[in-house]
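Here's the structure, in structure tokens; my notes come after.
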Amino acid sequence: MYENGYNLEPKWKEECGVYGVFSRTEDVSGLTYLGLYALQHRGQESAGIALTDGAWMDVTRGMGLVNEVFRHQVPHMENQCIAIGHVRYSTTGSSLLCNTQPLMVNYAGGKIALAHNGNLTNAAEIRHDLEQQGTIFQTSIDSEVFVNLIARSRKETVEEKIIESLKKIKGAYCLTIMTEDKLIGARDPQGFRPLCLGRTEEGSYILSSESCGLDVAGAEFVRDIAPGEMVVIDDSGVKSYPFAMDEKKASCIFEYIYFARPDSVIDGQSVHDARFMMGRVLARESGFKGDIVISVPDSGTTAATGFAYESGIPFVEGLIKNRYIGRTFIQPTQKKRDTSVKLKLNAIRSVVEGKSVIMVDDSIVRGTTSGKIVKMLRQAGAKEVHMCISSPPIGYPCYYGIDTSVRKELIAATKTVEEIRQFIGADSLHFLSLEGLKSCVSAVNADDMCYACFNSAYPIAEGEKPVGDSKYVFEQPKAK
């Protein structure tokens, strides 16, 4: 993303959810509403649904959660046949109604609506060129670049226009696009972002960022959209248009660590099974002993149960989550994140008091949240707090649509593992090794995943002494 001109300095990136339904028999807007509910974890700032009856097209968008945006009524249209939806969280400074999606435009070829998940790395360059040619932009989001490329294409069919545009853009994207009579989905050549296809018993077709969006609509999973593939759905069925399937694959490992729901299956890999194995490997690598295993709910829970299963240490609920508070990781400002931690979690004193606690979480990004949780457990009487993280240290920002911030804000970019342990106040700290992480996503070729935010192995500072030959675990020196 870019703000204030064409500066591509890494800022807050988008991680969104897209959805689409084609049906002549079912309520497409109602199914899309349900699908967006299932994808709410992927974005909590805004939501929208675009709808067509084959002639007219309309879009309803707003700031807030899905149930807030559609508080009074789900959009409806007589003879509606196609709908696409979007949930979003934004870059800093662009949390604005004008930047909500789906985007809808009129152009020479008719009407088109688009919902986008990801980040286009050459968007600023293309936008600049288009503006020099007189193109007017209404938003500051890179998704509008793609809409303009389609509108300006001189190809004859909409399929050709979209493919020509896809070949001009770089970066991470999954798209759902709606014309008056077609539902179109596309996935970037590297496969950074997920997208799958489903079908209901009545023959309706659904596109969803995750398979959990199919489940809520009662649809059967058909297949994942392949990296570099576009699918077009209309009254004749589903047609596949491979446009760049020979490039190296680089699916985002963070889908399995954090972003996707545990009940989703992405590229043949169960997210739940991957996270459960992360917990088991954590137990083996760390060798931590304690009285109880707890999780930072909800993203750390599946890995925590895996840790408990492998270690034999009982898993208990030591932290209670307020289910009405959104993810702190995707709040746009640090002040909001700090307040959210206090509102979101509370320790159960009767569970943790006097106990040596092993706490499992999915990642440490800035370290502030982890530090507050460790402090909370100590205030509740925990004797020791040993922290296990089901990913390697995140030392580098992501340019492809995941909110890992600028590098100077990533704690692992400026601190060693021991310094991170000291910063968060834990008695010991273990990060899952990169090798261990790869072994947990066994259904996907390890070479087809992107690990750039970990930058392979994390360096150990001079003088640090790893525990048990691991470069990912450090303990607080015991008092003599």
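The values are calculated or read from the model by the stated rules, or taken from the named source; none is laboratory data. Owing to the predicted nature of the structure, the values given are computational and were not obtained by experimental measurement. Note: ideal-geometry Cβ built from the backbone for every residue, glycine included; neighbour counts use all protein chains shown. Just the protein is used for accessible areas: all its heavy atoms, side chains included, with ligands, DNA and RNA removed. Shrake-Rupley method; radii C 1.70, N 1.55, O 1.52, S 1.80 Å.
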Among strands (runs of 3 or more DSSP E) entirely within region 384-480, at least 2 residues that are at pLDDT 95 or above and open to solvent by less than 70 Å² (accessible area, probe 1.4 Å) occur in 384-389, 428-431
Select from region 220-267 the residues that are among the aliphatic types (A, V, I, L, M) and in a strand (DSSP E or B) and list them in ascending order. Val222, Met230, Val231, Val232, Ile233, Val238, Val265, Ile266
Selected residue (criterion: nearest to Ala412 (Cα to Cα)) from residues of region 372-383 that are open to solvent by 20 Å² or more (accessible area, probe 1.4 Å) and in a helix (DSSP H, G or I): Lys372
Going by the conditions given, is Ile141 touching a helix residue (DSSP H, G or I) at 6+ places or on another chain (Cβ under 9 Å) and not in a helix (DSSP H, G or I)? yes
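Residue-wise test of (1) crowded, with 19+ Cβ neighbours inside 10 Å; (2) hydrophobic (A, V, I, L, M, F, W, C); (3) outside the structural domain of Ile206 (by the TED database).
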site	(1), (2), (3)
Ile233	yes, yes, no
Phe259	yes, yes, yes
Asp263	no, no, yes
Ala274	yes, yes, yes
Val281	yes, yes, yes
Arg284	no, no, yes
Gly287	no, no, yes
Gly290	yes, no, yes
Asp298	no, no, yes
State all residues of region 142-201 that are surrounded by fewer than 20 Cβ atoms within 10 Å (Cβ to Cβ), in contact with a strand residue (DSSP E or B) (Cβ under 7 Å, 6 or more places away or on another chain) and among the acidic types (Asp, Glu); if no residue qualifies, say none. Glu159, Glu180, Asp181
Matching entry among Ser153, Ser208, Ser204 (being modelled with pLDDT under 95, polar (S, T, N, Q) and assigned by the TED database to the domain that holds Gly118): Ser153
So which residues in region 199-247 are of a type in the set (S, T, N, Q), touching a residue at least 60 places away in the same chain (Cβ under 8 Å) and over 17 Å from Gly85 (Cα atoms)? Thr200
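Here's the yes/no breakdown for (1) open to solvent by less than 40 Å² (accessible area, probe 1.4 Å); (2) of a type in the set (A, V, I, L, M); (3) in contact (Cβ under 8 Å) with a residue 24 or more places away in the chain:
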site: Val28; (1), (2), (3): yes, yes, yes
site: Thr32; (1), (2), (3): yes, no, yes
site: Gln44; (1), (2), (3): no, no, yes
site: Thr52; (1), (2), (3): yes, no, yes
site: Pro75; (1), (2), (3): yes, no, yes
site: Glu78; (1), (2), (3): no, no, yes
site: Ala83; (1), (2), (3): yes, yes, yes
Taking first residues from region 96-125 that are under 18 Å from Lys155 (Cβ atoms) and second residues anywhere that are of a type outside the set (A, V, I, L, M) and crowded, with 24+ Cβ neighbours inside 10 Å, the pairs with Cβ under 8 Å that are 6 or more apart or on different chains are Lys111/Thr52; Leu114/Gln101; Leu114/Pro102; Leu114/Ser143; Leu114/Phe146; Leu114/Thr176
(1) under 23 Å from Met449 (Cα atoms); (2) at pLDDT 95 or above: which one isn't true of Gly171, the others all being true? (2)
Per the filter on region 220-231, residues among the aliphatic types (A, V, I, L, M) and open to solvent by 20 Å² or more (accessible area, probe 1.4 Å) are Val222, Ala226
In region 92-129, which residue that is part of a loop (DSSP other than H, G, I, E, B) and under 21 Å from Asp188 (Cα atoms) is modelled with the lowest pLDDT? Thr121
Can you find a residue in region 202-219 that is surrounded by fewer than 23 Cβ atoms within 10 Å (Cβ to Cβ) and assigned to a strand (DSSP E or B)? yes
Ser165 passes all but one of (1) under 22 Å from the mean Cα position of the chain (by Cα); (2) closer than 16 Å to Asp188 by Cα; which number fails? (1)
